Amino acid sequence: MPRVNPIDTEYFKDERKAGDFTVIGTTVQRSDALGHVTGRTEFFEDRTFPDLAHVKIHRSAHHHARIDSVDCSEALKVPGVLRVITHRDVPSNWYVVLRLIGIEPNDEPVLAEDRVLYKGEPIVAVVADSEAAAIEGAARVRVGYTELPAVFDVEEALAPDAPVIKQAGTNYFVYEGHHARRLRFGDVERGFAQSDRIFEWRYSSAPIEHAPTETTGCIVVPQSSGRLLIHSNTQAAFFTLDNTALILDRPFTDLQVKGGTVGGGFGGKVDVMVEPLACIAATLTNRPVKFVYTREEEMQVSSPRAAERIYIKDGVTNDGRILARKVMLYVDAGAYSRHSPYGTTKACAHLPGPYTIPNVYADCHCVYTNRTPSSAMRGFGVTIADFALESQMDRIARALDLDPLQFRLRNAYRDGDLKAHRKVAEGTALIEVIQRAAALVGHELPDEYLALTSTTPRGEKA
Amino acid sequence: MTLLRGRGYASVNYPTGMNLGGDPSQALIHATTMGGFVISLSSVDLGQGLKTVVAQCAAETLGMPMANVIVDTADTDTGPHCMGTFASRGTHRIGNAVIMAAREARDVMLAVAAEELEADADDLETDGTGFVRLKGSPETKIHIQDVTLAAHFKQGRTISGRGIYLKERNYPVPETGEMDPDSCQAHACTVAEVEVDDETGVATVLSLHNAYEVGRALNPAMAAQQVEGGGWMGVSHAVFESTEPYYPASRDHGPVDFCEYLMPGPAEIPVQSSVILERPASNGPFGAKGIGEMTANAPIPAIANAIFDACGVRLTTMPFTPESILRGLDALRA
Amino acid sequence: MKIVSLRVNGAGQAFIARPGTTLLLALREQLGLTGAKRGCAQGACGSCTVLLDGQPVVSCLVPAVTVDGAEIATIEGLADGQVLSDVQQAFLDGFATQCGFCTPGMIMSAEALLDRNPDPTRDEVNEAISGNVCRCTGYEPIVSAVLDAAARRRSRAGEGAKL
């Protein structure tokens, strides 16, 4: 039996207009399930090609270092090794995946040039007849380094005396001249002055791995037309195609991406990490080439969910109305931008959470450190912020001796409220999910709270 | 040793779509000679069920059975552009694009049928089983296979449609953060119940009770899959996961395999009970909002709050390891 | 190089085992059976689980040269024509798959359990699939599907006994 959550049709009855549909709103079998249970679903790696060559990477041994020398001579002596690829073989080595939506600068090399900014950064790609030969070849590359001071803490990275690790000159992404994505709504200091109580706490998280059961990878097959066919488990076929073509400095029409069936993504397969090098390897060897992350690479070298540090300061009245919220948020982007400048803006857009607060102030920083670059992951910008915001709500409710759900209902946003980013709220339903969850666990709410609805305008000046 | 129980709450909302970059997806649809409808996309199914749900959107719009709908994805040579599968955008964007394409194809299908039935296209309807029929006169009908055969071999028309959904790019105002960051918002409230062992510091998540507002559950079993699987990931994030166990002080000791990178196994999962509410989004496909990502979010603070409720330790750093709970208990006893 | 002869899903097969080749790679690249997946190549994710003489093994850790004369069962051999095995059908009906990558290994672990224990407890199911990582479902639908499959099998066996 499929596990189906009951739909409570008592809520938003007028808007639902149920029963008009034939297949919408009904449980139909997944079209892919038969393939899954019979093993016939075809993932990218389930294709075999004669003459398939393999790519493995020699990676940085240091968190931050100048590269003094790269010696590939021993790698080339390994039987089965076909080519080594360095940054000189990458036509347009510097990129940022979000350049497709106008984010700059290009801050990351496909392969490191004169320095490395994180342990595990790719320096040399080795192409070989077999996976084993590629691994052996990559291990025999010799790189000479001069270690440089590394930065690991987001706030230390922003200190005036911190070593600047980025070529752009700042350890933070610059948002149109600002050191952070800003949110300014009302007058937060006046709000604090009007409040009975001030609560200020700090929250933080460590990086998290997507851990898809299928690791990131692709197989690139040279075509008789001269084009390259990329079998990929990317989450975004054209995003990968466009970025790869820019790195290869080839016409976009030279590439074809096939995919669409992916063994879990969770945001981990939108970084365009394997396709450019596999394409270069396929072009140089004129053979089909596979580049797939090992589990260890997936765990430690592929982008994690960013660690965040969040300070929240709230001004609240004794009866539980939040009058002001100030947030200092730091996203640890690691060494390179990838999707983090966008994720930090997404975090800013999410503040101050699903509550109507008349005075809001936030600085959301996208900070660079000498660790594996973070990037997109399921709910990035929001997941860790929600941990902080909802912990804060719980602590304030306890401090004021208020029921935690009543405190949330008191401040919940409703239709017509102006959000801190100045969009008028519509289609809201926070009040209703709180009421329904309370009913689910037998948490009693007073009638005045049960009577609240998201569609009833707030009876106060926001 | 004492097992301490606690309950915690969290309520959240979550935006649908990557609205700050300009966020389009396209769909093409065409009929085969024998009554099939092929939807051509370049969109990616990560396992959330996109291929199924867009087929439902097409079948509903065309008025045809699911069996007549074929989804062809993802090939950048044959499928039109899609931004990608992320930002809880797939169902919303691609669903909308497919509906638009299917409407255009449906109009042609009805025009072809009208000519065959010698009726006015406006007087025709579909019955959901494969027939186009005259409203009020259901015996005057034609099977889709005959419609498409007539289109191809008699009338010389292609039954096809083009669809796109575009959320136009929005530029935040740098000084104030004024912006339009979402197409709609889904909502959730989670109640977590935990048990904390005051000797080992282990927090066990006993249950998650969730209320979700999703706009429209297009396929209720697949919506349930997201809620349940995302809830599990939230538990996993909360009490287990990190690639850097000593973040930020040390980059060492990062896990490299599934033996070192901990996640709850089948014996460590909480009981989950959930209820879905539907407040259809004005811009969603049949009102649907995106819930793929948000389902991991509410459990994490709900668990943190439940741990405090159980043992008085306020955890402000994820994940909530036994060590951090024991240190908190020690501090309380000091 | 060694020629390895074995039975796979009931049929005689042979392949040349190169040094270092695993059973997983032999199945996928030499015998064309790609149902078993390479999720980690470390024996820790279970996506490559097949049955070796009836026992579930992570095929990524089994040297190919060691399976000479063995009987291997893979996901491809479970269905009888169009008729799915009880475990396959229960996974299908119970919406126990999402991305599907862990599914073949998960199903093989479940088949092995039900072969030796037709009426497992929930804890026994948990233990049987504890070496199979799923990142999508939260496991509950999978555990439910295995218990459902066990019930289907017993019911079928009961019918068989009556005949």
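The values are calculated or read from the model by the stated rules, or taken from the named source; none is laboratory data. Source: prediction; values computed, not measured. With ideal geometry, Cβ positions are generated from the backbone for all residues, glycine too; neighbour counts draw on all protein chains shown. Calculation scope for accessible area: heavy atoms of the full protein, side chains included, ligands and nucleic acids excluded. Shrake-Rupley method; radii C 1.70, N 1.55, O 1.52, S 1.80 Å.
Filtered by the rule that a residue be within 24 Å of A:S375 (Cα to Cα) and within 7 Å of chain A (Cβ to nearest Cβ), segment B:77-92 gives B:H81, B:C82, B:M83, B:G84, B:T85, B:F86. For B:D252, the conditions (1) within 29 Å of A:V151 (Cβ to Cβ); (2) surrounded by fewer than 23 Cβ atoms within 10 Å (Cβ to Cβ); (3) in contact with a strand residue (DSSP E or B) (Cβ under 6 Å, 6 or more places away or on another chain) are fulfilled apart from (3).
Could you check, for segment C:96-104, whether at least one of its residues is on the phi > 0 side of the Ramachandran plot and either more than 14 Å from chain B (Cβ to nearest Cβ) or touching a helix residue (DSSP H, G or I) at 6+ places or on another chain (Cβ under 9 Å) (or both)?
Yes, segment C:96-104 contains a residue that is on the phi > 0 side of the Ramachandran plot and either more than 14 Å from chain B (Cβ to nearest Cβ) or touching a helix residue (DSSP H, G or I) at 6+ places or on another chain (Cβ under 9 Å) (or both).
Of all residue pairs spaced 6 or more apart or on separate chains, none has beta-carbon atoms under 6 Å together with a first member in segment A:54-70 that is at pLDDT below 95 and a second member that is open to solvent by less than 20 Å² (accessible area, probe 1.4 Å) and part of a loop (DSSP other than H, G, I, E, B).
Could you list, in sequence order, all residues of segment B:68-106 that are part of a loop (DSSP other than H, G, I, E, B) and in contact with an Asp or Glu (Cβ under 9 Å, 6 or more places away or on another chain)?
B:T73, B:A74, B:T78, B:G79, B:M83, B:T85, B:F86, B:A87, B:S88, B:R89
Would you confirm whether any residue within segment B:50-62 is under 30 Å from B:H152 (Cα atoms), of a type in the set (D, E) and within 7 Å of chain A (Cβ to nearest Cβ)? Scanning segment B:50-62, I find at least one residue that is under 30 Å from B:H152 (Cα atoms), of a type in the set (D, E) and within 7 Å of chain A (Cβ to nearest Cβ), so the answer is yes. Of the residues making up segment A:24-56, those that are more than 8 Å from chain C (Cβ to nearest Cβ) and surrounded by 21 or more Cβ atoms within 10 Å (Cβ to Cβ) are A:I24, A:G25, A:F44, A:A53, A:H54, A:V55, A:K56. Test of understanding: among A:E308, A:E296, which residue is farther than 13 Å from A:P122 by Cβ and free of Cβ contacts under 8 Å to residues at least 12 places away in the same chain? Result of the check over A:E308, A:E296: A:E296. Among strands (runs of 3 or more DSSP E) entirely within segment A:124-211, having at least 2 residues that are open to solvent by 10 Å² or more (accessible area, probe 1.4 Å) and more than 30 Å from A:V90 (Cα to Cα) singles out A:181-185, A:197-205.
Hey, any hits in segment B:223-232 for a residue that's within 14 Å of chain C (Cβ to nearest Cβ), over 19 Å from B:M263 (Cβ atoms) and out of contact with any Cys (no Cβ under 7 Å at 6 or more places or on another chain)? Checked segment B:223-232: at least one residue is within 14 Å of chain C (Cβ to nearest Cβ), over 19 Å from B:M263 (Cβ atoms) and out of contact with any Cys (no Cβ under 7 Å at 6 or more places or on another chain). Among the residues of this structure, B:A102 does not count as one that is under 25 Å from the mean Cα position of the chain (by Cα) and surrounded by fewer than 18 Cβ atoms within 10 Å (Cβ to Cβ). Scan segment A:396-408 and tell me whether some residue there is touching a Gly at 6+ places or on another chain (Cβ under 7 Å) and within 9 Å of chain B (Cβ to nearest Cβ). There is no residue in segment A:396-408 that is touching a Gly at 6+ places or on another chain (Cβ under 7 Å) and within 9 Å of chain B (Cβ to nearest Cβ). Just so you know, in segment B:197-219 the residues that are under 17 Å from B:T52 (Cβ atoms) and more than 10 Å from chain C (Cβ to nearest Cβ) include one that is surrounded by the fewest Cβ atoms within 10 Å (Cβ to Cβ), and it is B:R216.
In segment A:227-283, the qualifying residues are those that are surrounded by fewer than 22 Cβ atoms within 10 Å (Cβ to Cβ) and in a loop (DSSP other than H, G, I, E, B), and the one that is nearest to the other protein chains (Cβ to nearest Cβ) is A:R227. Scanning segment A:8-23 for residues that are without any contact (Cβ under 8 Å) to a residue 12 or more places away in the chain, within 7 Å of chain B (Cβ to nearest Cβ) and either of a type outside the set (S, T, Y) or under 30 Å from C:A150 (Cβ atoms) (or both) gives A:E15, A:R16, A:F21, A:V23.
Looking at segment B:126-141, which of its residues are open to solvent by less than 50 Å² (accessible area, probe 1.4 Å) and within 18 Å of B:T61 (Cα to Cα)?
B:T126, B:D127, B:G128, B:G130, B:V132, B:L134
Figure legend. Inter-residue proximity from segment A:164-183: first residues more than 18 Å from A:H63 (Cα to Cα), second residues among the aromatic types (F, W, Y), beta-carbon distance below 6 Å, spacing 6+ or different chains. Indicated pairs: A:H179/A:Y172; A:R181/A:Y175. Residues being of a type in the set (V, I, T), touching a Ser or Thr at 6+ places or on another chain (Cβ under 6 Å), modelled with pLDDT of 95 or more and crowded, with 19+ Cβ neighbours inside 10 Å are represented in segment B:226-245 by at least one member. Tallying residues that are outside the structural domain of B:F37 (by TED's automatic domain parsing), farther than 29 Å from B:A298 by Cβ and crowded, with 18+ Cβ neighbours inside 10 Å within segment B:146-193 yields 0.
In a residue-by-residue description of segment C:57-77, the property of being of a type in the set (D, E), without any contact (Cβ under 8 Å) to a residue 40 or more places away in the chain and either away from every other protein chain (no Cβ under 11 Å) or over 21 Å from A:F49 (Cβ atoms) (or both) applies to no position. Kindly indicate whether any position in segment B:23-35 is at the interface with chain A (Cβ under 7 Å from one of its Cβ atoms) and either closer than 24 Å to B:K289 by Cβ or open to solvent by 10 Å² or more (accessible area, probe 1.4 Å) (or both). No, the conditions are met nowhere in segment B:23-35.
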